[in-house]
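Participant: Pasting in a structure now, in structure tokens, and then I'll have a few things to ask.
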Amino acid sequence: MADVLVYVDHLNGAVRKPTLELLTLARRLGNPIALALGPGATDTIPTLAEHGATHIYTHDAPEYTTHHTTPHLNALHTTYTQTQPTTVLITSTTDNKEIAARLALRTNSGLITDATDITPTKNGPTTTQTAFAASYTTHSHTTHGTPIITIKPNSTPIQTHPTTPQHTTLTPTTPTTPTTHITQNTPRTATGRPE
């Protein structure tokens, strides 16, 4: 089966719900492999294994908390190069959409953002998106390179699928040359609303 690379969204090892949705969607397309970066990356392994990840790559380094998207992009690109996935799935957030777009440029691949569903077809993964306040539904697929797709949170029910994954500690091969440095980080206040 083909490998589908899932970029993990977590906070100090606590995997966020949208990543579990990505793993559910990835199983439709092939074998989910996961990349977790930053503090607590190895703590994500039990949760990712419970939700179907067959291979988990982790890397913890200071630059993931002190710099913006460049270190994340470099690690994702290294994992992409090593695994050659047929699809890359990323949660739709502002930062992640920047990472996805930059990865698409580096790999000369097609990019689809803000999908709400994904289905395997003979043309590769076909996504569902809504437009104009959900007045219209569109279906699209990429025609070049590896599909890189960002998925909106709360798009699909989470399903568990326990596995015994392999674990690899990643060594990014692309040098980190960040242009943005984070000087302060304030935790978001919980509001009780869905993520």
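Participant: Condition first: within 22 Å of residue 170 (Cα to Cα) and buried (at least 19 other Cβ atoms within 10 Å of the Cβ). Can you find one or more residues in the stretch 115-126 that meet it?
Facilitator: no
Participant: Step by step: first the residues of the stretch 1-39, then only those that are in contact with a Phe, Trp or Tyr (Cβ under 6 Å, 6 or more places away or on another chain) and either touching a residue at least 60 places away in the same chain (Cβ under 8 Å) or crowded, with 24+ Cβ neighbours inside 10 Å (or both), then the one that is farthest from residue 190 (Cα to Cα). Which residue is that?
Facilitator: Only one residue tops the list, namely 35.
Participant: Filter the stretch 65-95 for residues that are polar (S, T, N, Q) and in a loop (DSSP other than H, G, I, E, B); which is surrounded by the fewest Cβ atoms within 10 Å (Cβ to Cβ)?
Facilitator: 84
Participant: Would you confirm, using the coordinates I've provided, whether residue 158 is out of contact with any Gly (no Cβ under 8 Å at 6 or more places or on another chain) and assigned to a loop (DSSP other than H, G, I, E, B)?
Facilitator: It is true that residue 158 is out of contact with any Gly (no Cβ under 8 Å at 6 or more places or on another chain) and assigned to a loop (DSSP other than H, G, I, E, B).
Participant: For the stretch 102-114, what are the residues that are under 15 Å from the mean Cα position of the chain (by Cα) and buried (at least 16 other Cβ atoms within 10 Å of the Cβ)?
Facilitator: Scanning the stretch 102-114 gives 102, 103, 104, 111, 112, 113.
No lab work stands behind these numbers, since they all come straight from the coordinates. Just so it is clear, the structure is predicted and the values come from calculations on it, not from any experiment. Cβ sites come from the backbone with ideal geometry, for glycine too, and all protein chains shown count toward neighbours.
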